[in-house]
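Below is one structure, written out as structure tokens; comments come after it.
The values are calculated or read from the model by the stated rules, or taken from the named source; none is laboratory data. All values derive from a computational prediction rather than experimental measurement. Virtual Cβ from ideal backbone geometry, glycine too; neighbours counted across all protein chains shown. When the accessible area is computed, the model is the full protein with side chains, heavy atoms only, and any ligands, DNA or RNA have been set aside. Shrake-Rupley method; radii C 1.70, N 1.55, O 1.52, S 1.80 Å.
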Amino acid sequence: MRFAQSTGRGSASLRDRADLVIVGAGIVGASAAYHLAHLGLTDVLVIDQGPLFETGGSTSHAPGLVFQTNGSRTMCRLAQYSVELYRSLDLDGEPCFHAVGGVEVATTPERMQELKRRLGFARSYGIEGATLLSPQETVERIPILDPGAILGAYFVPTDGIAKAIRIVAALARAAEAKGVAFEGGVRVTGFDVRDGRVRGVLTDRGRIECERVLVCAGIWGPAVGRMAGVPIPLAVLQHQLVWTHPLPELAADAGVEVRHPILRHQDVSLYYRQRGDRYAIGNYRHEPILFEPDDLRPYREGEPIPSVEPFTPEHFQVAYEASVRLLPPVAGRIDESSAINGMFSFTPDMGSIVGESAEVGGFWICEAVWVTHAGGMGRMVAEWIAEGEPSMDLAEADANRFYPHMTTPPYVWARGAQQYREVYDIIHPLQQMEHPRRLRLTPFARRHEELGARFFASAGWERPQWFEANAPLVPPDAVWARREGWAARFWSPAVGAEHLATRERVALFDLTPYVKLDVEGPDACGFLERVCANRIDRPVGAVVYTAMLTPKGGIRCDLTVARLGPQRFRVVTGGGSGMHDLAWLRRQVRDGERVSILDRTSQWFALGLFGPRAREVLSGVTDSDVSNEALPYLRAAEIQVGEVPVLAQRISYVGELGWELYGPIEMGERAWDLLWEAGGEHGLVAAGMGAFDSLRLEKGYRLWGQDIHTEHDPFEAGLAFAVKMDKPDFQGKEALEAIAARGHTHRLACMTLDDPAHVAMGKEPIRAGGSVVAYATSAGYGYSIGRGIVYGYLPVELAEPGTPVEIEFFDERLPAHVVPEPLWDPEGARLRA
Ligand code: FAD
């Protein structure tokens, strides 16, 4: 299939200037161009090394299955938008999308449970009509399937087949009509980067002057990024796609594109689609076959397309046998001559890579995006470029979220390969990758191991989730200790014991992975005052919790700022969002503003000493006055813990009296030992992140990325206390004024489960009056209040305490009620003790 060339394509002379150059005319580049044009940015040139629009990239051989359901709300909504867009397109009267529906079958009881969880995602995130099917109902939709081979299925009526190349052509045609130009046969060879900004694109057909580029180069991304010195951490993996010969059972469909729903058999990592009287089998069920991105061939006329490697039959055997069991007519009918090992990208955390590079201004990236999400992701990056921010929160896809170790080849390869292996596995939200581990160890690692820490990895750090040493502290009659099933996985009753020890006595938390940024300089105060919604210009020693907002008033990050000197501030944010926040903060510095932002994370340990007896413990190891008068809530001071100089910040994310203690990382173990010894008589325990999360949930502290993000403003999130509308100006203020005048339709509300034995995990649909009204942004157990807790954005009329709701947990509906929040210490008396 070739599409007619339009003006400019393949022309001898190449334009030498454009406002924006897009590298890659696959489905991602075409979608971005289409949406940019739609937003009025039309001085755009899209170039591709291959011919338009079968360029030889991954889009050229994608079978186009679009399954929308995703545990990530953002990815799920991007897929829904993509379907909407693809359905609206046609090319010369031919449709670009066939909404035949999508079926995912279960052959094990565990998968059947998982399908119920997926149904929950669909309901949480607004996919209409999703439902479960019996084996008989499944075979009615896919008659060549053996109903005896399955236990049931999950069905989404709006899933279907995207005709990827046709979509590219249709999007390009619409963009061209608005002035965007597409040019094939142009290979990018480098970038002109000066003073940290893109100035031009170098190609085998000359230089193109431009201020901005957008890299949509798919599997070539790492190589193209390197040309500008920008790491694009994706692994290129070979993936098998095999067609059958014509199946006599489908003879009647020979002339149609597709009639059967697309099909996934995730228990064996396989998927299928019909085309006429043939079936395609997509196979992930083999050891990952990595491909070195630097070895990718450029497109050459007459050669196999560069994104395809020769088929390796030895990797197909398990897939064949499983396929015959599920779809008996395929037996003996594999057409090996059509089989390929196609290539596409897997990132270390499976997220896409989108946004402007923090290193090189004007260097935009939109990589590791499937056909399924390309419509939506192209729109997001276009909004980001044209309007300054995307309309959906893209933190999980942020190009700047990676720590330096995450862009190294061994890491990218190991994680990419593991993502490939697990692509269809049932992954518990708390399940940890086993390799590579022990990359970043805090100074307390030895002590943690001695206490039987169960480690989870966060931003590469090994962090205790709980300590086996605390198991004997579990109260024998605790109803929550008998937790079973899904919610009991990657959990221990010791989590509850650590929670209670923190509330009743005192606990030591390792907070070293916090990202600690020193913001300094003559303009530091004014700079922070501008980007923070809370008041920053306070006396030296003040500690402030604040949000930083986008111009549209969305919460871009939340963090604490401690004033250490007239021109010195310590900004502390979470490890998970650290790089994302750092890149964003640096981007806010204006030309000429005298501010430096230095990441000190690897220099300082951080310990949280929290609980009603925290002062007694701290007093035992310091001569400094740590009384409430000398060091009140939200104040910081330099003190000594034995020989260890520390900065003590009187603040706690668990809602108890206590301090965050920051000290030199090499003295961490000494500080731990001193506190541990002093804490013995006060019942000090080491506590992990499991307890930390349940403590913060009970106290009503919002978790960025879950309860709050750029799609929420501080008012609806219940954070008005941290916004100073009386400040003369700050980023997002104007938007907040408009939002306040408009009023809200939803509010973040707290709910507790009626049965003390129940607990939810997060992301579950929340029902009221028979329909789904929200989803759980956070959920867990409040061990002090003895109830499961759920947070979610409810319509304001339902957000009132007393409203009955139900939490849909697999196929159960757990009764719950909206309650006043916070559930723990609403007056904050314990914090100020
Ligand atoms: P591409 O289509 O690869 O486009 C990148 C373009 O950049 C190429 O055209 C290339 O020529 C150009 N380029 C690169 N370097 C340069 C340079 N230096 N100069 C100029 N141009 C350059 N996804 C789904 O959602 N559903 C599916 O069913 C599905 N099935 C798949 C099956 C297989 C076998 C494979 C391999 C992938 C499948 N995918 C599927 C994934 C999907 O195909 C890709 O994620 C998607 O096509 C990527 O689109 P893209 O535009 O980023 O990349």
Residues in segment 26-48 that are in contact with a Gly (Cβ under 7 Å, 6 or more places away or on another chain) and crowded, with 24+ Cβ neighbours inside 10 Å total 8
Among residues of segment 139-189 being surrounded by fewer than 21 Cβ atoms within 10 Å (Cβ to Cβ) and basic (K, R), the residue nearest to the ligand (Cβ to nearest atom) is R187
L430 fails exactly one of (1) surrounded by fewer than 17 Cβ atoms within 10 Å (Cβ to Cβ); (2) assigned to a helix (DSSP H, G or I), namely (2)
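Can you tell me which residue is farthest from V474 (Cα to Cα) among those in segment 780-798 that are in contact (Cβ under 8 Å) with a residue 40 or more places away in the chain and either touching a Pro at 6+ places or on another chain (Cβ under 7 Å) or aliphatic (A, V, I, L, M) (or both)? Talk me through it step by step, then tell me what you get.
Step one: filter segment 780-798 for residues in contact (Cβ under 8 Å) with a residue 40 or more places away in the chain, giving 780-786, 789-796, 798.
Within this subset, residues satisfying the condition of being either touching a Pro at 6+ places or on another chain (Cβ under 7 Å) or aliphatic (A, V, I, L, M) (or both) are 785-786, 789-790, 794, 796, 798.
Details: I785: 16, G786: 14, I789: 20, V790: 23, L794: 35, V796: 39, L798: 36 Å.
Among those residues, the one meeting the criterion is V796.
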Within segment 377-418, the residues that are of a type outside the set (D, E, K, R) and part of a loop (DSSP other than H, G, I, E, B) are G388, P390, S391, M392, L394, A399, N400, F402, Y403, T408
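Got at least one residue in segment 668-687 being part of a loop (DSSP other than H, G, I, E, B), open to solvent by less than 40 Å² (accessible area, probe 1.4 Å), at pLDDT 95 or above and closer than 24 Å to D393 by Cα?
We begin by selecting, within segment 668-687, every residue part of a loop (DSSP other than H, G, I, E, B); these are 683.
With open to solvent by less than 40 Å² (accessible area, probe 1.4 Å) added as a condition, the list becomes 683.
Then drop every residue that is not at pLDDT 95 or above, which leaves 683.
Okay, now just the ones that are also closer than 24 Å to D393 by Cα, so none.
Among the residues of segment 668-687, not one is part of a loop (DSSP other than H, G, I, E, B), open to solvent by less than 40 Å² (accessible area, probe 1.4 Å), at pLDDT 95 or above and closer than 24 Å to D393 by Cα, which makes the answer no.
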Over segment 346-403, the set of residues more than 21 Å from Q80 (Cβ to Cβ), of a type outside the set (D, E, K, R), within 16 Å of the ligand (Cβ to nearest atom) and open to solvent by less than 10 Å² (accessible area, probe 1.4 Å) is F346, T347, I353, G355, F363, I365
From the option list V621, V626, single residue qualifying as open to solvent by less than 10 Å² (accessible area, probe 1.4 Å) and touching a residue at least 12 places away in the same chain (Cβ under 8 Å) is V626
If we ask which residues in segment 58-85 are open to solvent by 20 Å² or more (accessible area, probe 1.4 Å) and either over 15 Å from the mean Cα position of the chain (by Cα) or charged (D, E, K, R) (or both), their number turns out to be 12
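Just checking, how many residues over segment 201-225 are open to solvent by 20 Å² or more (accessible area, probe 1.4 Å) and within 9 Å of the ligand (Cβ to nearest atom)? Reasoning before the result, please.
Of the residues in segment 201-225, the ones open to solvent by 20 Å² or more (accessible area, probe 1.4 Å) are 202, 204-207, 209, 211-212, 218, 220, 223.
Still in the running and within 9 Å of the ligand (Cβ to nearest atom): 204, 218, 220, 223.
Residues meeting the conditions: 4.
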Of the conditions (1) free of Cβ contacts under 8 Å to residues at least 24 places away in the same chain; (2) of a type in the set (D, E, K, R); (3) within 14 Å of the ligand (Cβ to nearest atom), the single one that E422 does not satisfy is (3)
Within segment 377-411, the count of residues that are of a type in the set (D, E) and either touching a Cys at 6+ places or on another chain (Cβ under 8 Å) or closer than 25 Å to G229 by Cβ (or both) comes to 2
The correct count of residues that are in contact with a helix residue (DSSP H, G or I) (Cβ under 9 Å, 6 or more places away or on another chain), assigned to a loop (DSSP other than H, G, I, E, B) and open to solvent by 10 Å² or more (accessible area, probe 1.4 Å) in segment 511-533 is 2
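This table checks each residue for (1) on the phi < 0 side of the Ramachandran plot; (2) among the acidic types (D, E).
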| site | (1), (2) |
| --- | --- |
| L719 | yes, no |
| D726 | yes, yes |
| A740 | yes, no |
| L748 | yes, no |
| L753 | yes, no |
| G769 | no, no |
| A779 | yes, no |
| G782 | yes, no |
| I789 | yes, no |
- Query: Taking I232, is it β-branched (V, I, T), within 10 Å of the ligand (Cβ to nearest atom) and not in a strand (DSSP E or B)?
  - Reply: no
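Being aromatic (F, W, Y), more than 30 Å from H245 (Cβ to Cβ) and within 32 Å of the chain's Cα centre (by Cα) is the requirement here; does W364 meet it? Don't jump to the end; show me each part of the working.
Values: aromatic (F, W, Y): yes; more than 30 Å from H245 (Cβ to Cβ): yes; within 32 Å of the chain's Cα centre (by Cα): yes.
Criteria met by W364.
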Inside segment 14-46, the number of residues satisfying the requirement of being more than 14 Å from the ligand (Cβ to nearest atom) and part of a strand (DSSP E or B) is 3
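Determine whether V495 is open to solvent by less than 20 Å² (accessible area, probe 1.4 Å), part of a helix (DSSP H, G or I) and touching a Pro at 6+ places or on another chain (Cβ under 9 Å). Can you show your working first?
Working: open to solvent by less than 20 Å² (accessible area, probe 1.4 Å): yes; part of a helix (DSSP H, G or I): yes; touching a Pro at 6+ places or on another chain (Cβ under 9 Å): no.
Taking the combined requirement at face value, the residue does not satisfy it.
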Checked pairs for segment 234-245, first free of Cβ contacts under 8 Å to residues at least 40 places away in the same chain, second more than 10 Å from the ligand (Cβ to nearest atom) and open to solvent by less than 10 Å² (accessible area, probe 1.4 Å), C-beta under 7 Å and 6 or more apart or across chains, list as none
Filter segment 287-312 for residues that are over 21 Å from A368 (Cα atoms) and open to solvent by less than 60 Å² (accessible area, probe 1.4 Å); the one that is farthest from the ligand (Cβ to nearest atom) is T312
Considering residues that are out of contact with any strand residue (DSSP E or B) (no Cβ under 8 Å at 6 or more places or on another chain), in a loop (DSSP other than H, G, I, E, B) and open to solvent by 80 Å² or more (accessible area, probe 1.4 Å), the number found within segment 809-829 is 3
Condition set in a helix (DSSP H, G or I) and either among the aliphatic types (A, V, I, L, M) or over 22 Å from W491 (Cα atoms) (or both), scope segment 688-717, selection most open to solvent (accessible area, probe 1.4 Å): answer is M689
For segment 278-288, check the following and say yes or no: at least one residue is part of a helix (DSSP H, G or I), of a type outside the set (F, W, Y), closer than 29 Å to C96 by Cβ and at pLDDT 95 or above. no
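Among Q136, Q113, Q80, Q49, which is over 30 Å from F191 (Cβ atoms) and within 16 Å of the ligand (Cβ to nearest atom)? So that I can check it myself, show each step before the final result.
Working: Q136 fails: within 16 Å of the ligand (Cβ to nearest atom); Q113 fails: within 16 Å of the ligand (Cβ to nearest atom); Q49 fails: over 30 Å from F191 (Cβ atoms).
Being over 30 Å from F191 (Cβ atoms) and within 16 Å of the ligand (Cβ to nearest atom) holds for just one of Q136, Q113, Q80, Q49, which is Q80.
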Just one listed residue, out of E797, E806, is open to solvent by 40 Å² or more (accessible area, probe 1.4 Å), assigned to a strand (DSSP E or B), of a type in the set (D, E, K, R) and farther than 23 Å from R111 by Cα, and it is E806
When K116 is run through (1) touching a strand residue (DSSP E or B) at 6+ places or on another chain (Cβ under 9 Å); (2) open to solvent by less than 10 Å² (accessible area, probe 1.4 Å), the failure sits at (2)
Of the listed residues (R141, R117), the one being under 33 Å from the mean Cα position of the chain (by Cα) and not aliphatic (A, V, I, L, M) is R117
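Look through G225, G184, G206 and report the one residue that is at positive phi and either out of contact with any Leu (no Cβ under 8 Å at 6 or more places or on another chain) or of a type in the set (G, A, S) (or both).
Values: G225 fails: at positive phi; G184 fails: at positive phi.
Going through G225, G184, G206 in turn, just one is at positive phi and either out of contact with any Leu (no Cβ under 8 Å at 6 or more places or on another chain) or of a type in the set (G, A, S) (or both): G206.
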